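The values are calculated or read from the model by the stated rules, or taken from the named source; none is laboratory data. Remember, it's a predicted structure, so these values are computed and weren't measured experimentally. Please note: Cβ atoms are built from the backbone with ideal geometry, for glycine as well, and neighbour counts cover all protein chains shown. These accessible areas exclude ligands, DNA and RNA; they are computed on the full protein's heavy atoms, side chains included. Shrake-Rupley method; radii C 1.70, N 1.55, O 1.52, S 1.80 Å.
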Amino acid sequence: MSTIKTKYYLAAAFVCLLCCVAIAYYFFFTGFLRGDSNKSLYIDNDDTADSVYVKLDTMSTSHGMCAFRTLANHYEYATRLHTGHYVLKPGETAIDVFKKLKNAQQTPVMLTVPPARTMERMAKQLSQRLMLDSATIANALLDSAFCAQHGFSLATIPALFIPDTYEVYWNMGIDRLIDRLQKEHDGYWTKERQQKAEAIGLTPVEVATLGSIIDEETANDGEKPMIAGMYLNRLHKGMLLQADPTVKFALKDFALRRILNKHLTVDSPYNTYRYKGLPPGPIRVASTAALDAVLNAAHHDYLYMCAKEDFSGTHNFARTLSEHMANARRYQQALNERGIK
């Protein structure tokens with residue numbers, strides 16, 4: 001073979017090699033995603049390799065998806081599926097994405113614990129940010145044995161929750177979720193807060209119980225310490241709390257806008273018009289504003305309160321029953337004028 005032909009073949013081989021390298025680089029080392037924003041991929045227990053491919057296909061470039069499938073087939077990805085939440089970023093290659101999924105390099109999600117009224121509602125809202133379904137969460141929170149494992153009863157389990165936003169893994173199981181919530185609960189109840197609770201004669205669960213009533217009384221955080229002080233005064237004097245929200249809870253009718261005498265007869269330990277002291281547990285998950293209001297209650301000698309007749313969401317406070325009845329008459333008149341029954 002002549003020198004010229006040898007050089008020609010070598011040059012042709014070199015060009016082919018360059019083409020192969022260029023094609024491989026294009027497929028494996030250029031951006032996997034379409035667009036210039038992060039995209040979230042969720043893989044749950046029901047997913048298969050094929051369903052993951054479908055999800056990725058909606059996010060990726062055609063060459064990126066081709067490269068991913070090549071890697072997945074070579075490394076038998078179908079046998080190495082990991083559930084979780086994965087954030088895919090612009091500029092990441094098919095190799096980067098494959099390694100992330102194969103090695104379960106999850107990105108945490110932000111889970112907001114709301115001041116929910118019921119455990120069913122809590123379960124529904126938590127499930128919206130987790131792989132866990134609402135039924136699994138609700139079944140745990142409504143299981144007396146499960147609650148007891150964490151030091152609570154069915155009545156007191158709402159006191160476990162400290163409303164805030166936490167960083168968690170999307171695919172965490174129910175036990176890990178409750179353990180995490182327990183950790184946040186214990187973190188909130190510092191030695192200083194426990195001492196404040198002891199100083200007013202309450203346990204942390206009782207603080208949460210009173211706080212839940214205060215949350216139902218007003219959305220005005222600035223007024224909550226005043227209301228806390230009023231209820232503590234009644235507790236310490238051995239008076240009935242006579243808190244309307246507890247009657248709504250006893251009746252399981254949160255839409256009631258006006259508490260009538262017929263409502264006050266419901267025989268329930270949550271009816272604070274019939275039973276002295278605090279109810280058996282919180283009537284909702286207390287907000288941190290309400291918990292802090294109880295621990296830092298205003299000092300005064302008010303024993304009564306009534307919603308203001310201007311419907312501002314705040315209250316008129318009174319020291320004597322006669323003052324309170326005058327406030328109540330103004331409020332009742334305002335209700336009548338508005339046709340609220």
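The listed residues I137, I200, once ranked by accessible area (1.4 Å probe) with the largest placed first, stand as I200, I137. Between the range 34-106 and the range 260-333, what is the separation of their alpha carbon centroids in Å? If we compute the Cα centre of each part, the gap is 55 Å.
For the range 228-324, the fraction of 1.4 Å probe accessible surface lying on carbon and sulfur atoms is 49 percent.
Summing charges over neighbours of A72, with a neighbour being any other residue whose Cβ is under 12 Å away from its Cβ, gives +2 when K and R count +1 and D and E count -1. For the range 196-341, a crude dipole built from +1 on the beta carbon of Lys and Arg and -1 on the beta carbon of Asp and Glu, taken about the Cα centre, is about 500 debye to the nearest 20. Legend: distances between Cα atoms for K124/K183; K196/K248; K124/K191; pairs beyond 31 Å are K124/K191.
Within the same chain, lysines fewer than 8 places from K89 are excluded, and of the rest, those with a Cα less than 25 Å from its Cα are K39, K55, K99, K100, K102.
Might you tell me the accessible area per residue for the range 52-193, computed with a 1.4 Å probe and given in Å²? Walk me through the intermediate numbers first.
On the way: 6740 Å² over 142 residues.
For the range 52-193, the solvent-accessible area averages 47 Å² per residue.
Restricting the range 212-297 to trypsin sites (Lys or Arg not before Pro) that sit in a DSSP loop and have at most 14 other Cβ atoms within 10 Å of their own Cβ leaves K237, K252, R257, R258, K262, K276. Evaluated at q = 0.08, 0.09, 0.15 Å⁻¹, a Debye calculation over the C-alpha positions of the chain (equal weights, vacuum) places log10 I(q)/I(0) at -0.57, -0.66, -1.17.
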